[in-house]
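S.K.: Right, I'll just put the structure down here and ask away after.
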């Protein structure tokens, strides 16, 4: 019996909760996993961070307390405004701003001063309570994303719903990105899931606004706009209008940047920093100029195929909205398989693992392959960065010992060639794992897109083969 079959009339206030939490059979195990997830989160929130947490909050404190933008880094401004609002709301729980946000910070020489600044923060008397409070906005978006997932999988069977929820509560890369590395990846994840839910519930224009807000918090959902637009609505005019509405928050952000900070920021700034190069990192060399960018080729192929389906060039008509999440899984798989990235970005992929666990239980191996992906990408991070992005994140527990913990990088420090070779092996393995995880989705999508039936060439009547009565009836 599915959840819909068991659902009855519920009080109006309960309708604010996802349907699984209103179900008497599911409520108790779901709340149990919620308790486990919160216990794990609360246990690690005060004790780990990366310097990026301090950087984004420092930029946000300029907005919150000084009313100005940090003009040389106007990227992901939607996220910065959320951080600034959080500082204002959570101010009574934090030390005085001057005690935390020192100026001029390390922007003049980030490579030389980063270690000094993070150690100073890690040894402050209020470090544990400060870290806990600074991560509360991340916790809110993380839990919101989990509730949106429950709404998306509400039609599934109870066991599948519990499995997806348990995965979200204990997602290793989700916990790493949000509470250990301490980055705001939960912001775009929750907003992308909100856009998906709105589109599945036939509210595509709400979905456009939510996806647009996601773009302001992390630029990468910009690449999802064509996928959503070609599936969420029909007709090229409506699809163009949908994409325009989704781009509106991003455009307004750049206008605001220009007015307040003197530069549009965002895309212009991305050309100068590492994340802007990551999606173009894997190439096929071409004799002469102009290499082929593999991730870009994969994404453009998806756009072109969906456009062809929408225009009736091939397939069985436009893609159904119910298949949108599968296409998003494939696109995210292409992002990570064919690009280089920091480990915390991989949280963007986790909602689609959860959806696969709940909606496609016949896709066996998804969870095992994903866990192997996580191990692989954390190993790559340890090889590239040393303990700074893995064990060294626990610096508040022991500022000296955390930076001296063993790592794969230090183990192979005397053999640079071997280090690079091992990184190559791990990247290759990650690509294969991602391809295997996405294979069932690709097979399903291929099976749902039959070729257009071409009429057989006309043959004279005397050339038609005789048919039996049974064949005529079947036809």
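S.K.: Taking the Cα-to-Cβ direction at residue 280 and at residue 400 and moving 7 Å from each Cα, how far apart do the two end points lie in nm?
M.R.: Using points 7 Å along Cα→Cβ, the separation is 4.6 nm.
S.K.: Arrange the following residues from fewest to most other Cβ atoms within 10 Å of their Cβ: 83, 61.
M.R.: Values: 83 24, 61 19.
Result, fewest neighbours first: 61, 83.
S.K.: Now, a different point. So what's the angle, to the nearest 10 degrees on a 0 to 90 scale, between helix 204-217 and the longest Cα principal axis of the chain?
M.R.: 30 degrees
S.K.: What angle, in degrees between 0 and 90 and rounded to the nearest 10, separates the Cα long axis of helix 110-122 from the longest principal axis of the Cα atoms of the chain?
M.R.: 70 degrees
S.K.: Calculate how steeply helix 186-200 sits against the longest principal axis of the alpha-carbon atoms of the chain, using the helix alpha-carbon long axis, and give the answer as 0 to 90 degrees to the nearest 10.
M.R.: 20 degrees
S.K.: Given the Cα-Cα distance of residue 36 and residue 68 and 0.36 nm per residue of separation, how much length would full extension add, in nm? Before the final figure, lay out the partial values.
M.R.: Values: separation 32, 0.36 × 32 = 11.52 nm, distance 4.06 nm.
Contour length minus Cα-Cα distance gives 7.5 nm.
S.K.: Could you work out the relative contact order of region 143-271? I mean the mean sequence separation of Cα pairs under 8 Å and 6+ apart, divided by the number of residues, in percent. All intermediate terms of the calculation are to be shown ahead of the outcome.
M.R.: Values: 124 pairs, mean separation 22.8, N = 129.
Computed value for region 143-271: 18 percent relative contact order.
S.K.: Specify the inter-centroid distance of region 358-409 and region 30-103, based on alpha-carbon positions, in whole Å.
M.R.: 23 Å
S.K.: Hey, of (1) 55, 28, 25; (2) 40, 30, 20; (3) 42, 27, 24, which did the structure itself give for semi-axes √(5λ) of the Cα gyration tensor in Å when calculated?
M.R.: Here semi-axes √(5λ) of the Cα gyration tensor in Å agrees with entry (3).
S.K.: Could you work out the per residue convex hull volume over the alpha carbons of region 279-371, in cubic angstrom? Mind showing how you got there, number by number?
M.R.: Numbers: hull volume 11.9 nm³, N = 93.
It comes to 128 Å³ per residue, whole-number rounded.
S.K.: Just round it to a whole percent: the fraction of Cα-Cα distances in region 28-170 exceeding 19 Å.
M.R.: On the way: 5989 of 10153 pairs.
More than 19 Å apart: 59 percent of the Cα pairs in region 28-170.
Coordinate-derived values only; no laboratory data. Given the structure is predicted, the values throughout are model-derived calculations rather than measurements. Glycine also receives a Cβ, built like all others from the backbone with ideal geometry; neighbour counts cover every protein chain displayed.
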